[in-house]
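A.B. asks: One structure coming up, written as structure tokens, with questions to follow.
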Amino acid sequence: MDGTENNLRLFPKKDARLYMSFMYVTFVSLLVGGLMGLLQTFVRSGKFTLPFNINYYTILTVHGVILGLVLTTFFIIGFQFALMGKTVGISDKQRNVGWISFWMMLVGTVMAAVTILVGQANVLYTFYAPLAAHPAFYIGLALVIVGSWISAFTNFRQLYVWKKAHKGEKSPLLAFMVIINMLMWVIASLGVAVSVVIQFIPWSLGYTETINVLVSRTLFWYFGHPLVYFWLLPAYMAWYAIIPKIIGGKLFSDSLARLAFILLLLFSIPVGFHHQLTEPGIDPTWKFIQVVLTMMVVVPSLMTAFSIFATFEITGRKKGFSSLFGWFKKLPWGDVRFFAPFVGMVAFIPGGIGGIINASHQMNALVHNTIWVTGHFHLTVATTVLLTYFGIAYWLVPHLTGRRLTKQINKLGIIQTIIWTVGMTIMSTAMHIQGLLGGPRRSAYSQYAGGEQVDTWIGYQLAQAVGGTILFIGILLMIYIFIKLTFFAPRGVEEFPIAAEDEDAQATPKILENWYLWVGITIALIAFAYTIPMIDIIKHSPPGSVPFKWPIGRM
Amino acid sequence: MHLHKYEKVWLTFGMASLIIFLLVIGFAAFWKGTHPQSHLETIDQNNVEAHDSFKPENLGLTEVADGKYKVNIVASAFNYDFGVDKDEKPVKTIRVPQGSTVLFTITSKDVVHGFQVAGTNVNMMVEPGHISRYEAVMKNKGEFTIVCNEYCGIGHHQMFGKVEVY
Amino acid sequence: MTKKHVSNKVPTPEVSSNLKGTFIMVMILGFLMVGAWFGAYWLFISR
């Protein structure tokens with residue numbers, strides 16, 4: 001099968017419709033969640049109060065759940081289905097199962113969203129016990145998770161069927177990456193699923209009286225860190241296997257890309273304690289062990305950095321630019337499919353470095369739960385990941401709708417990216433500095449006990465409102481672009497840009513596709529990092545906590 | 001699977017940096033004892049007064065030795081209980097001299113809270129059933145806001161106090 | 001034991017390609033990482 005020809009062949013309508021449904025939910029979420037973010041920065045500026053008695057923490061919960069859990073999950077699953085469809089194909093039966101997954105997730109999302117909007121779940125997206133939301137919130141979340149598993153197993157099945165038909169061949173790189181991401185997702189979300197189904201749902205319904213708070217938090221963060229890698233890996237897929245095609249080059253190294261993904265699978269999960277570094281009840285030695293494992297998960301990102309620069313340089317040099325940085329100037333800066341993800345890559349430099357600081361054991365006290373953390377993940381997920389997703393959407397949406405990314409829309413995309421860069425630079429920088437000065441995250445406007453320190457914080461909160469406003473303009477423009485690409489752009493064939501391997505590239509070692517081995521090591525690492533501390537936590541449990549409804553405004 | 005020689009240098013440099021970071025914080029944590037707050041003691045959150053530190057008369061600031069203080073606090077939505085002053089009014093500000101060593105001990109009666117003396121390294125989670133404890137030297141003069149930095153409900157941002165280092 | 005390894009090595013385009021620019025870029029990134037980390041550590045120590 002010729003790669004380039006396949007890149008230009010549109011999906012059958014039936015398939016495209018499934019993948020597109022996920023994109024609709026993604027962009028509706030962007031608008032709703034983005035509006036909430038705008039309102040938050042307004043409230044925190046101290047110049048604005050919410051109308052109709054709307055609670056700050058209601059919109060904060062909507063923002064976190066809709067953008068952190070819904071937008072990301074829907075985009076990822078839709079994109080990954082498209083990648084699987086393109087590389088290994090989808091059968092009628094698999095597509096139907098895909099639809100079941102979609103509807104289950106959508107019903108769960110709507111359930112959770114309505115519960116939040118009517119003020120029955122002001123618990124933020126981390127829903128820490130013993131704050132008790134209405135059971136419908138937890139049931140909605142459970143449906144989203146189980147729905148996503150159905151997609152994961154469909155993807156596993158797709159590759160299995162392809163492998164049977166292509167004995168002895170290595171799986172297509174992008175399909176391999178999708179499977180890694182879904183394996184990680186299933187293994188990690190088991191933790192939160194256990195917590196929601198066994199702890200939260202019976203407790204919120206009144207079937208059990210109390211909940212073990214520390215166990216629920218530990219299960220949440222067992223899931224919470226791989227969650228951020230679940231967002232990041234699709235961006236890495238684009239960086240490794242799609243961007244090279246867009247800039248007119250080839251894969252840097254098929255095997256190194258696979259190796260990086262395997263390392264991400266191994267080390268993304270046994271690291272949840274680095275979110276719990278300042279918590280009581282967890283032995284600091286075990287915290288430190290997970291800090292060490294956290295540093296290991298940096299390594300595949302170091303590899304990724306090298307491989308991206310190398311792809312740029314090799315491509316440029318093949319085109320004949322021999323000076324030291326000549327290749328850099330000649331990158332396709334005017335092509336939004338490249339430019340948006342590129343800005344995302346740049347944002348990952350401070351984003352990644354900030355992450356290393358956050359995870360550095362006792363040093364975490366410097367930034368824990370300050371707005372520095374919010375600034376950090378607005379660089380990583382809301383810039384690196386999101387701009388790469390936008391970069392994908394610019395070609396994926398027209399490929400699915402049978403339209404073209406015109407010059408004019410491309411230009412709008414470039415403007416969108418610049419708006420985003422400016423807005424986020426202002427907002428995230430202000431958040432980082434305010435955080436280092438001790439300003440807390442997740443708090444409505446407050447003057448606390450007054451004084452100079454608080455005044456300084458409020459100054460930075462004003463800057464965040466300016467940044468937030470610019471970002472919201474960026475969101476409106478992105479929604480406009482999405483609508484254009486979906487309904488109004490001229491008909492045609494937009495390429496699905498998958499990079500090919502160099503003809504004389506080295507063979508990929510077979511061991512990289514030994515799933516039993518890698519899943520086995522993943523589970524062994526998790527068992528090592530969690531068994532003893534988890535037994536400790538359970539053995540030294542205090543009395544459980546009853547549900548607390550009034551602090552979140554429930555009667 | 002081949003690594004370019006520059007990639008080998010780069011990965012060696014990167015991994016060496018990470019190892020140095022770990023050695024620095026590991027040495028500080030295990031030899032100097034500056035682990036993040038990880039107190040292991042549990043308590044019945046429904047009866048915190050049974051614990052000596054949280055009896056009403058033991059709340060707030062106490063000087064235990066020259067330049068050494070302890071501060072006991074009970075957190076609840078949406079208040080820090082630092083005890084009462086001579087006029088039976090609730091204490092909201094803790095005053096200690098520069099350079100003093102202060103041991104903060106805190107627990108929660110209801111939901112999860114945070115306790116951060118903003119601008120210092122005192123930053124801990126406070127959870128029902130657990131006691132959090134952190135000792136810090138107040139190196140710098142100034143007014144430091146105490147904030148609840150873990151969401152605890154709709155009045156979360158109204159939960160605060162102050163430390164004055166003079 | 002040593003001879004066998006040598007004979008397996010085949011020069012490939014990956015190895016021979018000129019990646020000087022890449023190397024300089026990643027090393028800049030590396031120094032940023034080390035600098036920022038020690039900056040934060042210094043702040044932690046001084047508080």
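A.B. asks: Quick one: A:Glu169 ticks every box in (1) part of a helix (DSSP H, G or I); (2) farther than 19 Å from A:Gln80 by Cβ bar one, so which box is it?
C.D. replies: (1)
A.B. asks: Residues A:Asn364, A:Asn410, A:Asn369, A:Asn358: which one is within 14 Å of chain B (Cβ to nearest Cβ) and touching an Asp or Glu at 6+ places or on another chain (Cβ under 9 Å)?
C.D. replies: Working: A:Asn364 fails: touching an Asp or Glu at 6+ places or on another chain (Cβ under 9 Å); A:Asn410 fails: within 14 Å of chain B (Cβ to nearest Cβ); A:Asn358 fails: touching an Asp or Glu at 6+ places or on another chain (Cβ under 9 Å).
None of the other options fit; the residue is A:Asn369.
Yes or no, residue by residue, for (1) more than 17 Å from B:His4 (Cα to Cα); (2) at pLDDT 95 or above; (3) of a type in the set (Val, Ile, Thr):
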site: C:Met1; (1), (2), (3): yes, no, no
site: C:Lys4; (1), (2), (3): yes, no, no
site: C:Ser7; (1), (2), (3): yes, no, no
site: C:Val10; (1), (2), (3): no, no, yes
site: C:Leu19; (1), (2), (3): no, no, no
site: C:Met25; (1), (2), (3): no, no, no
site: C:Val34; (1), (2), (3): yes, yes, yes
site: C:Ala40; (1), (2), (3): yes, yes, no
site: C:Ile45; (1), (2), (3): yes, no, yes
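A.B. asks: Identify, please: which residue in region B:139-166 is aliphatic (A, V, I, L, M) and not in a strand (DSSP E or B) and is, among those, nearest to C:Phe44 (Cα to Cα)? Before you say what the answer is, go through the steps one by one.
C.D. replies: The first filter runs over region B:139-166 and keeps only residues aliphatic (A, V, I, L, M), leaving B:146-147, B:154, B:159, B:163, B:165.
With not in a strand (DSSP E or B) added as a condition, the list becomes B:154, B:159.
Details: B:Ile154: 31, B:Met159: 25 Å.
Checked region B:139-166; the qualifying residue nearest to C:Phe44 (Cα to Cα) is B:Met159.
A.B. asks: Surrounded by fewer than 22 Cβ atoms within 10 Å (Cβ to Cβ), modelled with pLDDT of 95 or more and either among the hydrophobic types (A, V, I, L, M, F, W, C) or assigned to a loop (DSSP other than H, G, I, E, B) (or both) - does that describe any residue in region A:272-281?
C.D. replies: Taking every residue of region A:272-281 in turn, none turns out to be surrounded by fewer than 22 Cβ atoms within 10 Å (Cβ to Cβ), modelled with pLDDT of 95 or more and either among the hydrophobic types (A, V, I, L, M, F, W, C) or assigned to a loop (DSSP other than H, G, I, E, B) (or both).
A.B. asks: Out of the residues in region A:437-457 meeting the condition of being assigned to a helix (DSSP H, G or I) and crowded, with 18+ Cβ neighbours inside 10 Å, tell me which one is farthest from the other protein chains (Cβ to nearest Cβ). Before you say what the answer is, go through the steps one by one.
C.D. replies: Going through region A:437-457, the residues assigned to a helix (DSSP H, G or I) turn out to be A:452-457.
Pick out the ones that are also crowded, with 18+ Cβ neighbours inside 10 Å and you get A:453-454, A:457.
On the way: A:Gln453: 5, A:Val454: 6, A:Trp457: 8 Å.
Looking at the filtered set, the residue picked out is A:Trp457.
A.B. asks: Among residues belonging to region A:24-81 that are of a type in the set (Ser, Thr, Tyr) and within 26 Å of A:Gly553 (Cβ to Cβ), point out the one that is nearest to the chain's Cα centre (by Cα). Break it down into steps so the answer makes sense when it comes.
C.D. replies: Residues of region A:24-81 of a type in the set (Ser, Thr, Tyr): A:24, A:26, A:29, A:41, A:45, A:49, A:56-58, A:61, A:72-73.
If we keep only those that are within 26 Å of A:Gly553 (Cβ to Cβ) too, we end up with A:29, A:41, A:45, A:49, A:56-58, A:61.
Numbers: A:Ser29: 14, A:Thr41: 22, A:Ser45: 28, A:Thr49: 31, A:Tyr56: 24, A:Tyr57: 22, A:Thr58: 22, A:Thr61: 17 Å.
Within region A:24-81, the match that is nearest to the chain's Cα centre (by Cα) is A:Ser29.
A.B. asks: Residues of region A:318-338 being more than 33 Å from the chain's Cα centre (by Cα) and either within 12 Å of chain C (Cβ to nearest Cβ) or touching a residue at least 24 places away in the same chain (Cβ under 8 Å) (or both), which ones?
C.D. replies: Of region A:318-338, the ones more than 33 Å from the chain's Cα centre (by Cα) are A:318-324, A:326.
Selection gives A:Lys318, A:Lys319, A:Phe321, A:Ser322, A:Ser323, A:Leu324, A:Gly326.
A.B. asks: Taking the residues in region B:123-160 that are in contact (Cβ under 8 Å) with a residue 40 or more places away in the chain, more than 7 Å from chain A (Cβ to nearest Cβ) and touching a Phe, Trp or Tyr at 6+ places or on another chain (Cβ under 8 Å) as candidates, determine which candidate is surrounded by the fewest Cβ atoms within 10 Å (Cβ to Cβ). Before the answer, list the steps.
C.D. replies: Of the residues in region B:123-160, the ones in contact (Cβ under 8 Å) with a residue 40 or more places away in the chain are B:123-126, B:128-134, B:138-141, B:146, B:148, B:152-153, B:155-156, B:158-160.
Imposing the further condition that a residue be more than 7 Å from chain A (Cβ to nearest Cβ) reduces the set to B:126, B:133-134, B:138-141, B:146, B:148, B:155, B:159.
Filter again for touching a Phe, Trp or Tyr at 6+ places or on another chain (Cβ under 8 Å), leaving B:126, B:133-134, B:141, B:146, B:148, B:155, B:159.
Values: B:Val126: 26, B:Arg133: 20, B:Tyr134: 24, B:Lys141: 12, B:Ile146: 28, B:Cys148: 30, B:Gly155: 16, B:Met159: 25.
Checking each candidate, the answer is B:Lys141.
A.B. asks: Just checking, does region A:285-295 include any residue being in contact (Cβ under 8 Å) with a residue 60 or more places away in the chain and within 19 Å of the chain's Cα centre (by Cα)? Break it down stepwise before answering.
C.D. replies: Start the filter on region A:285-295 by keeping residues that are in contact (Cβ under 8 Å) with a residue 60 or more places away in the chain, which leaves A:286-291, A:293-295.
Keeping just the survivors that are within 19 Å of the chain's Cα centre (by Cα) gives A:294.
Yes: region A:285-295 contains one or more residues that are in contact (Cβ under 8 Å) with a residue 60 or more places away in the chain and within 19 Å of the chain's Cα centre (by Cα).
A.B. asks: Of all the residues that make up region B:40-55, how many are farther than 14 Å from A:Pro542 by Cα, surrounded by fewer than 18 Cβ atoms within 10 Å (Cβ to Cβ) and within 18 Å of the chain's Cα centre (by Cα)?
C.D. replies: 0
A.B. asks: Here's another thing I want to ask about it. Could you tell me which residue of region A:504-555 is nearest to the other protein chains (Cβ to nearest Cβ), considering only residues that are of a type in the set (Asp, Glu) and touching a residue at least 40 places away in the same chain (Cβ under 8 Å)? Let's see the steps before the verdict.
C.D. replies: Residues of region A:504-555 that are of a type in the set (Asp, Glu), as a first pass: A:504, A:513, A:536.
This time we only want the ones that are touching a residue at least 40 places away in the same chain (Cβ under 8 Å), so: A:513, A:536.
On the way: A:Glu513: 13, A:Asp536: 8 Å.
For region A:504-555, the residue satisfying everything is A:Asp536.
A.B. asks: Which residues, taken from region A:204-230, are assigned to a helix (DSSP H, G or I), within 14 Å of chain B (Cβ to nearest Cβ) and more than 26 Å from A:Gly78 (Cα to Cα)?
C.D. replies: A:Val213, A:Leu214, A:Val215, A:Ser216, A:Arg217, A:Thr218
A.B. asks: Quick one: which of A:Thr315, A:Thr304 is more than 8 Å from every other protein chain (Cβ to nearest Cβ), within 30 Å of A:Phe377 (Cβ to Cβ) and among the hydroxyl-bearing types (Ser, Thr, Tyr)? Spell out the reasoning first.
C.D. replies: On the way: A:Thr315 fails: within 30 Å of A:Phe377 (Cβ to Cβ).
Residue meeting the stated conditions: A:Thr304.
A.B. asks: Considering region A:27-49 alone, what residues qualify as being within 21 Å of A:Phe75 (Cβ to Cβ) and of a type in the set (Phe, Trp, Tyr)?
C.D. replies: Initial filter on region A:27-49 (within 21 Å of A:Phe75 (Cβ to Cβ)): A:27-38.
A:Phe27 - this is the single residue of region A:27-49 that is within 21 Å of A:Phe75 (Cβ to Cβ) and of a type in the set (Phe, Trp, Tyr).
The values are calculated or read from the model by the stated rules, or taken from the named source; none is laboratory data. All of these numbers come straight from a predicted model, not from anything done at the bench. Note: ideal-geometry Cβ built from the backbone for every residue, glycine included; neighbour counts use all protein chains shown.
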